[in-house]
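The values are calculated or read from the model by the stated rules, or taken from the named source; none is laboratory data. If you're wondering where the values come from, they're calculated on a predicted model, not measured in any experiment. When we count neighbours, we look across all protein chains shown, and the Cβ atoms used for this are built from the backbone with ideal geometry, even at glycine. What goes into the accessible areas is simple: the full protein's heavy atoms, side chains included, and nothing from ligands, DNA or RNA. Shrake-Rupley method; radii C 1.70, N 1.55, O 1.52, S 1.80 Å.
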Amino acid sequence: MTRKDRMNSSMIQVYEIESGNFTKAGEAAGNIKKLLRQLGIDAGVVRRVSIAAYEAEMNMVIHSIGGIIKILIDPEAITFKARDTGPGIEDIELAMKEGYSTATDFARELGFGAGMGLPNIKKCSDDFIIKSEVGVGTRLEARFNIST
Amino acid sequence: MRINDIINVIPNTLVTGKELLQKEVRGGYCGDLLSRVMAKGPKDGLWITVQTHVNIIAVAVLLEISCIIIPEDIPIEPNTIEKADEEGIVILSSPLSAFEIAGRLHGMGMDG
């Protein structure tokens, strides 16, 4: 199968993210990276998606009560979606500010909670949307154009 | 510069990846905040960090960092070693501080 054949149809992958599981954390991002490489996606795009996926996954492990990551691959773009079921972000503007973090001391000792997660995702993507409601959850969508 | 060249200049114990020493290293980064490393770490590079938990391997894999140096003989968690073996990441443990290691590598002509 050529790269073009593989890329002709859309593809969706779903990963479940467990809250607080630091040992498993990063696995979904790793799997996404492997998949994109197998599909022959440009190395620069793979790196940007990988970074965004890692940051979103870590955010969910550290802050959420769990959720789902979805990756949609079609010939023009890669769309990354993360959705959790709470607790939600009180002030998104503040959360988007580099250096701001609400991570616990435990997470910080492990090197998380630099307050760069969401800004990193935004920087890496071509399009970025985040919506959150306290008590409901957070939805994040990042799009990465595939240059042909 | 190859990992082999680094091994000759930095006192170390090779923890994982003895079959990977011919790998080329193109730059280095020093840091313990993982998001900062994600944002700045060089591809095919080397990373010096005091973090020793398994998640550093996830970061290395995603950034294609080929070698991690743990300074000050900090004990490395067994599942980190296991994962590094699985993913083909070289881990070196050194008695030197991160400052000393980075200084020596820089002196050899390695850039950030």
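A few comments on the model shown:
- Of everything in region A:54-76 that is closer than 17 Å to A:Lys123 by Cα and more than 8 Å from every other protein chain (Cβ to nearest Cβ), the residue that is nearest to the chain's Cα centre (by Cα) is A:Ala56.
- Within region A:46-94, tally of residues that are of a type in the set (D, E, K, R) and in contact with a helix residue (DSSP H, G or I) (Cβ under 6 Å, 6 or more places away or on another chain): 4
- Candidates A:Gly88, A:Gly113 - the one that is over 26 Å from A:Ser9 (Cα atoms), away from chain B (no Cβ under 14 Å) and touching a residue at least 12 places away in the same chain (Cβ under 8 Å): A:Gly88
- Criterion violated by A:Arg47 - all others in (1) basic (Lys, Arg); (2) under 22 Å from B:Asn55 (Cα atoms); (3) more than 10 Å from chain B (Cβ to nearest Cβ) satisfied: (3)
- Inter-residue pairs, beta-carbon under 7 Å, first in contact (Cβ under 8 Å) with a residue 60 or more places away in the chain and open to solvent by 40 Å² or more (accessible area, probe 1.4 Å) and in region B:14-29, second part of a strand (DSSP E or B) and not small (Gly, Ala, Ser), 6+ apart: B:Leu14/B:Leu92; B:Val15/B:Ile91; B:Val15/B:Leu92; B:Lys23/B:Arg2; B:Tyr29/B:Trp47
- For A:Arg48, the stated conditions hold: it is at pLDDT 95 or above, in contact with a Cys (Cβ under 8 Å, 6 or more places away or on another chain) and among the basic types (Lys, Arg).
- The helices (runs of 4 or more DSSP H) found wholly in region A:70-148 and carrying at least 1 residues that are modelled with pLDDT under 95 and open to solvent by 20 Å² or more (accessible area, probe 1.4 Å) occupy A:105-109.
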